[in-house]
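Notes follow once the structure below has been shown.
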Amino acid sequence: MDLDPFLLLDQMGPTEFAKGEARGFPPHPHRGFETVTYLLSGEMQHRDSWGNHGTLRPGDVQWMTAGSGLVHSEMPGETLVRDGGKLHGFQLWINLPKRDKMIAPRYQDTTSERIPVAKSEGVAVKVIAGESLGVQGVIDTRIPILYLHPTLAPGAEFEQAIPKSENAFAFVIEGEGEFAGSKAAQYQVVLFDRAGETVKVRNTGKGPLSFLLIAGEPIGEPVARYGPFVMNSREEIVQAANDFQAGRMGTL
């Protein structure tokens, strides 16, 4: 993905695991950006070199600001490993502006119960970040970010105001619909034209339409990427790799 300020959207699954089969992401470093993990089903455990740890369950969100750097692991939860089951979720990578790339790491682990849901006729919107239908999300973001999970009943319509200056896209989780005049179905992505201020969505299918709607203010700075490091120059990437190898991001 190259849609400033977004770097990547990874759909995890949906995958059905047998008992003892679930696998995850062993210790790896991060610096210079944020990862947002949103789980729809299953269970994931996280640990890092700063001593943080926790478990994500269905509907939970982890907004991790890697900042100056850490070593992080994301592994399947004990219940998922023991009993098997379905794992399905998303991880979004968001760039940080130069001024924030070396701030102290921060976690915002937010359970499903704390994430507000906005409702109108035939529409329910989980407001992970930003505002929708008059409801404000609880997660604090470093730059203006909108992260919504709307679900529309058949025939329902939804409108969301998005500033002209922001880049926006949708990812269809389930169903089919019309997105600002473009048709999209399951696992398809829609990029929105920044010429408009309102995104209009209509469910054109026979079942629910579920999708992610994500928007953000472009940073407009040089981007240097190497695996889990996202900085502004090659020299900063080399420094990040040296710091990791020297243990300055900690160990796990």
Of the residues in the range 2-51, those that are outside any strand (DSSP E or B), on the phi < 0 side of the Ramachandran plot, without any contact (Cβ under 8 Å) to a residue 60 or more places away in the chain and surrounded by fewer than 16 Cβ atoms within 10 Å (Cβ to Cβ) come to ASP2, ARG23
Every listed condition ((1) among the polar types (S, T, N, Q); (2) over 14 Å from the mean Cα position of the chain (by Cα); (3) farther than 30 Å from SER233 by Cβ; (4) assigned to a strand (DSSP E or B)) holds for THR79 save (4)
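Okay, residues lined up against (1) surrounded by 15 or more Cβ atoms within 10 Å (Cβ to Cβ); (2) outside any strand (DSSP E or B); (3) touching a helix residue (DSSP H, G or I) at 6+ places or on another chain (Cβ under 6 Å):
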site	(1), (2), (3)
GLY67	yes, yes, no
VAL71	yes, no, no
MET75	yes, no, no
ALA104	no, yes, no
ASP109	yes, no, no
Taking the stated definitions as given, is SER165 part of a strand (DSSP E or B), assigned by TED's automatic domain parsing to the domain that holds GLY134 and of a type in the set (Ser, Thr, Tyr)?
-> no
TYR147 vs (1) surrounded by fewer than 16 Cβ atoms within 10 Å (Cβ to Cβ); (2) in a strand (DSSP E or B); (3) not charged (D, E, K, R): all pass except (1)
- Task: Return yes when VAL123 is without any contact (Cβ under 8 Å) to a residue 40 or more places away in the chain and hydrophobic (A, V, I, L, M, F, W, C) and no when it is not.
- Result: yes
Worksheet item: Is it the case that ILE128 is under 21 Å from GLU217 (Cα atoms), part of a loop (DSSP other than H, G, I, E, B), aliphatic (A, V, I, L, M) and in contact (Cβ under 8 Å) with a residue 12 or more places away in the chain?
Response: no
Note: among GLU178, GLU236, GLU174, just one is of a type outside the set (A, V, I, L, M), modelled with pLDDT of 95 or more, under 18 Å from the mean Cα position of the chain (by Cα) and over 16 Å from LEU92 (Cα atoms), namely GLU174
Expected single match for in the same structural domain as ARG99 (by TED's automatic domain parsing) and of a type in the set (Gly, Ala, Ser) among ALA184, ALA240 is ALA240
Residue set GLY155, GLY177, GLY207; condition without any contact (Cβ under 8 Å) to a residue 40 or more places away in the chain and either surrounded by 15 or more Cβ atoms within 10 Å (Cβ to Cβ) or assigned to a loop (DSSP other than H, G, I, E, B) (or both); output residue GLY177
Here the residues within the range 181-204 that are closer than 23 Å to LEU8 by Cα and either in a strand (DSSP E or B) or modelled with pLDDT of 95 or more (or both) are SER182, LYS183, ALA184, ALA185, GLN186, TYR187, GLN188, VAL189, VAL190, LEU191, VAL199
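The values are calculated or read from the model by the stated rules, or taken from the named source; none is laboratory data. Small disclaimer: the values here were computed from a predicted structure and weren't measured. Cβ sites come from the backbone with ideal geometry, for glycine too, and all protein chains shown count toward neighbours.
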